[in-house]
Amino acid sequence: MPDIVIIGAGPAGIRAAETLAEQRLPVTLVDEGERGGGQIYRRQPAGFRRSYASLYGSEAGKAKALHDTFDRLKARIDYRPNTLAWNIADNVLHTVTGAVARRLRFDAAILATGATDRLIPVDGWTTPGVYSLGAAQIALKAQACAIGGAVVFMGTGPLLYLVACQYVKAGARVAAVLDTSPLSARHQALPRLLTSRPGLALRGLRLILQLRSAGIPVETGITPLAIANDGANVTGLRYRSSSGEIEELACDAVGLGYHLRPETQLADLAGCALSFDETSRLWLPKTDPDGRASVAGLYLAGDGARIAGADAAEISGRLAAYAVLADLGHGVPESKRRALHRAARRLERFRLALAQAFPWPHWLAGEIADEVLVCRCEKISAGELRHAATTLGAAELNRAKAFSRVGMGRCQGRYCGTIAAEIVAATCGRPVDGVGRLRGQAPVKPLPLATTAEEAA
Amino acid sequence: MSEKADVLIIGGGLMGAASAFFLRQRGLSVLLVEHDRIGQQASGVNFGNVRRHGRPAEQMELSNRAHEIWTKLPALVGEDCEFLRTGHLRVGYHEADEEALADYASSVRDFGLGLEILGRKALNERFSQVSEKVKVASFSPYCAHANPRITAPAFGRAAARLGAKIFEQTICESFGRAGADFEIHTRDGRRFQAATLLLTCGAWTGAMAAQFGETVPLAVRGPQMGVTEPMPYALKPVIGVFTEKLEQMIYLRQIKRGNVVFGGGGRGPASTATRRASVDPTITLNQFRQLRELVPALGRLRLIRVWSGVESYLPDDRPVMGESAAVPGLFYAFGFCGHGFQLGPGVGATMAELIATGRTSIPIAPYTIGRFGSGQGTERSSSRRLH
């Protein structure tokens with residue numbers, strides 16, 4: 001029997017595991033979380049009793065279906081929760097559970113590693129009370145907590161409005177929603193949004209209407225200037241409005257985020273080729289339409305391959321499983337596969353339209369003041385990074401990292417890497433794909449030195 | 001386009017960059033051609049040990065020359081390269097190690113290392129973080145460590161300020177002759193020529209030397225490096241284990257920011273073709289075990305990054321340094337067997353002296369490329385300037 005491993009138990013990983021288990025193939029599912037479900041359909045901790053409707057709103061049915069599938073599946077597969085995949089090479093996945101390291105040899109691996117927040121530093125962003133949008137949502141979903149008593153959500157992308165609405169619905173006070181995307185971009189993208197996924201596009205519009213009817217100021221085309229603090233906590237926020245006026249708002253917490261970025265480290269460590277995606281200005285693993293990576297035996301699915309959301313993740317998870325089946329010489333239901341491809345193409349059109357409606361505001365890279373920290377792990381400022389890029393001649397991102405330490409800390413550039421590239425590019429007057437990307441280095445996340453190999457334990 | 005100078009250096013690692021710097025100090029014009037970026041391979045990825053302790057007596061004059069230069073970096077190249085004189089502690093897990101450590105100390109007693117042999121009591125008093133399992137240690141107070149990522153580039157920039165012409169991302173495609181001069185042709189069609197050619201390309205030098213009829217048994221491997229998250233700065237000396245067992249042979253240093261850098265316990269695969277080297281996860285996990293044995297408090301930290309790079313090794317654990325045994329005007333400095341970082345500035349000064357004056361007081365005869373018995377090259381040396 002072939003060894004198949006799936007990394008990540010979100011929508012993509014669960015659908016992939018389900019598809020393979022239906023063919024009675026042995027599957028090992030490795031997940032960092034305590035309970036399957038991933039992030040967008042994150043399950044509340046045991047003992048919490050909120051309803052699906054209150055947790056997932058319009059997506060409650062999908063969340064329930066996915067969780068039910070997973071609960072039925074769990075006993076039939078080798079499911080390993082609380083397990084970090086810290087390295088991958090030569091058809092071996094290296095995992096750690098607690099302090100025990102294990103080697104998992106595989107013939108096929110589906111990387112369904114999901115995404116994290118994409119951030120842009122602004123003066124004051126490291127003040128306690130500033131959270132990423134994703135973290136603000138997790139606080140609500142997992143712990144039923146709001147990040148503050150008067151929250152401003154700032155950034156861009158659909159998650160900005162979704163999280164703001166979830167906060168309003170949960171009874172939290174939202175002081176404002178500030179979007180860096182100009183209104184004109186949204187108007188231009190609207191026809192494509194409506195034709196590719198009319199239902200979802202209308203739900204998105206409804207979110208904005210809900211916020212407005214709750215009396216919450218929603219602004220577009222803003223430029224973030226600073227998050228004010230009293231030396232300890234967030235006290236307010238300053239921004240420039242689309243008409244150029246400097247505005248100030250009082251708040252005690254900020255949810256910050258500009259779309260998501262795929263977690264590509266495992267694909268990178270495995271040697272998969274990545275290519276620059278002009279639309280998102282991100283480096284994405286190259287795949288064929290079924291999710292095959294450039295390295296034989298490796299497959300990608302879900303937001304870890306490209307940010308297209310939960311529905312697309314379920315589809316790509318099934319497609320990657322079909323690809324594994326086909327490559328292992330099993331039959332694949334061609335009509336189902338073709339239907340999934342059709343759906344995937346429609347969702348891809350929606351992804352491109354969303355990127356047009358809510359562009360990643362790379363132009364802010366030039367606005368970040370020299371004193372503002374870019375790499376918070378290593379406490380490196382934008383000025384220090386610019387010094388490396390100019391005076392020290394590091395016009396390439398890994399070189400700038402070597403000289404400045406940006407991206408050398410605990411997060412290994414997962415949070416600062418994309419904006420650091422924009423800063424180096426803007427400083428050197430080069431296109432952002434011309435400055436490269438941070439090369440992945442193990443471990444994927446910090447690995448305790450207390451870790452012992454299983455055979456030695 | 002054609003460039004001409006007194007000396008053409010191929011390879012911008014620490015050896016090449018420091019040679020360029022000291023050649024300019026001596027007034028010779030210099031072209032330095034680097035395949036990628038200055039200091040990106042072995043010079044940039046090593047552990048950062050600025051250590052004389054443990055080197056054989058035959059290497060001590062070269063090492064001492066480097067030692068002098070390291071303390072003067074701010075005046076010479078404009079920055080200290082995070083040079084930190086913390087001392088180096090070589091520890092043994094067996095009481096019987098004391099004799100070997102003492103024998104070593106007496107073998108180098110004329111070179112000013114100031115070694116002290118420490119027993120359990122002294123270790124408790126002075127280096128209490130070190131495990132009780134360590135029975136004896138040799139402490140070298142003047143040894144130090146520095147940041148390899150920034151050192152070779154600092155020498156490169158300083159050389160450029162003195163007038164060396166540095167060509168990064170310039171790929172040497174073939175060697176030829178232009179009259180009496182060496183001439184190289186680059187992939188993008190440029191030509192560089194000089195009467196003197198210095199090859200300092202680390203692991204890549206083997207293939208080049210072969211083109212001049214000199215073959216060396218160069219092995220290509222990668223160091224296995226790692227770094228932890230930061231903890232308060234407390235572990236001052238660089239620590240290395242004195243042992244015959246490869247898996248126990250690890251070393252570590254804490255930098256002022258708090259991170260602990262470590263390596264050892266074996267080497268990994270590396271390739272001159274892909275220009276990449278990898279870290280073997282099995283070695284990383286063994287390093288964890290060894291680090292916990294050596295400094296138990298480290299067991300509470302987490303690893304945040306591993307790395308490697310392309311290094312070259314020779315069977316007698318000695319580098320190649322000096323003039324070609326086959327071709328007049330051709331010089332080498334490569335194959336530093338994983339311990340070239342401390343030597344680097346001294347190698348640069350010595351190669352510059354040798355090229356500029358035809359001689360050096362540093363005893364480098366053991367490092368001649370001729371020791372591999374391949375001096376029967378296509379071009380025979382008519383005049384030997386080495387003595």
> outside any loop (DSSP other than H, G, I, E, B) and touching a Pro at 6+ places or on another chain (Cβ under 7 Å): does that describe B:Ile304?
Replying inline: yes
> From the residues in segment A:428-457 that are outside any loop (DSSP other than H, G, I, E, B) and open to solvent by 50 Å² or more (accessible area, probe 1.4 Å), which one is nearest to the other protein chains (Cβ to nearest Cβ)?
Replying inline: A:Ala456
> Regarding A:Arg42, is this residue on the phi < 0 side of the Ramachandran plot and in contact with a Leu (Cβ under 9 Å, 6 or more places away or on another chain)?
Replying inline: yes
>> Looking only at residues that are touching a strand residue (DSSP E or B) at 6+ places or on another chain (Cβ under 6 Å) and open to solvent by less than 30 Å² (accessible area, probe 1.4 Å) in segment A:306-333, which one is nearest to A:Ala63 (Cα to Cα)?
In response: A:Ala320
> Just checking, how many residues over segment B:301-315 are among the charged types (D, E, K, R) and facing chain A (nearest Cβ under 7 Å)?
Replying inline: 2
>> Would you confirm whether or not segment B:36-43 contains a residue that is touching a residue at least 12 places away in the same chain (Cβ under 8 Å), of a type outside the set (A, V, I, L, M) and touching a strand residue (DSSP E or B) at 6+ places or on another chain (Cβ under 9 Å)?
In response: yes
> Quick one: what pairs do we get from segment B:83-94, first residue under 16 Å from B:Ala66 (Cβ atoms), second of a type in the set (Phe, Trp, Tyr), C-beta under 8 Å, 6+ apart or different chains?
Replying inline: B:Phe83/B:Trp70; B:Arg85/B:Tyr142; B:His88/B:Phe139
> Any residue in segment B:264-274 that is within 8 Å of another protein chain (Cβ to nearest Cβ), touching a residue at least 12 places away in the same chain (Cβ under 8 Å), aliphatic (A, V, I, L, M) and touching a strand residue (DSSP E or B) at 6+ places or on another chain (Cβ under 7 Å)?
Replying inline: no
> Restricting segment B:1-37 to residues that are open to solvent by 10 Å² or more (accessible area, probe 1.4 Å) and closer than 30 Å to B:Phe262 by Cα, which is farthest from the other protein chains (Cβ to nearest Cβ)?
Replying inline: B:Met15
> Which of the residues belonging to segment A:202-215 are touching a residue at least 24 places away in the same chain (Cβ under 8 Å) and within 14 Å of A:Leu162 (Cβ to Cβ)?
Replying inline: A:Arg203, A:Gly204, A:Leu207, A:Ile208, A:Gln210, A:Leu211
> What residue, among those in segment B:287-300 that are open to solvent by 10 Å² or more (accessible area, probe 1.4 Å) and out of contact with any helix residue (DSSP H, G or I) (no Cβ under 9 Å at 6 or more places or on another chain), is nearest to the other protein chains (Cβ to nearest Cβ)?
Replying inline: B:Arg300
> Do the conditions hold for B:Gln342, that is, is it modelled with pLDDT of 95 or more and assigned to a helix (DSSP H, G or I)?
Replying inline: no
> Which one of B:Gly39, B:Gly44 is assigned to a helix (DSSP H, G or I) and not hydrophobic (A, V, I, L, M, F, W, C)?
Replying inline: B:Gly44
>> So the check is Cβ under 9 Å with 6+ separation or different chains; which pairs have a first residue in segment A:241-253 that's touching a residue at least 24 places away in the same chain (Cβ under 8 Å) and a second one that's of a type in the set (Ser, Thr, Tyr) and open to solvent by 40 Å² or more (accessible area, probe 1.4 Å)?
In response: A:Ala250/A:Thr235; A:Cys251/A:Thr235; A:Asp252/A:Thr235; A:Ala253/A:Tyr131
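The values are calculated or read from the model by the stated rules, or taken from the named source; none is laboratory data. Predicted, not measured: the structure shown is a model, and the values here were computed from it. Every residue, glycine as well, gets a Cβ built from its backbone with ideal geometry; the counts of neighbours run over all protein chains shown. Surface areas here come from the heavy atoms of the whole protein model, side chains and all, with no ligands, DNA or RNA. Shrake-Rupley method; radii C 1.70, N 1.55, O 1.52, S 1.80 Å.
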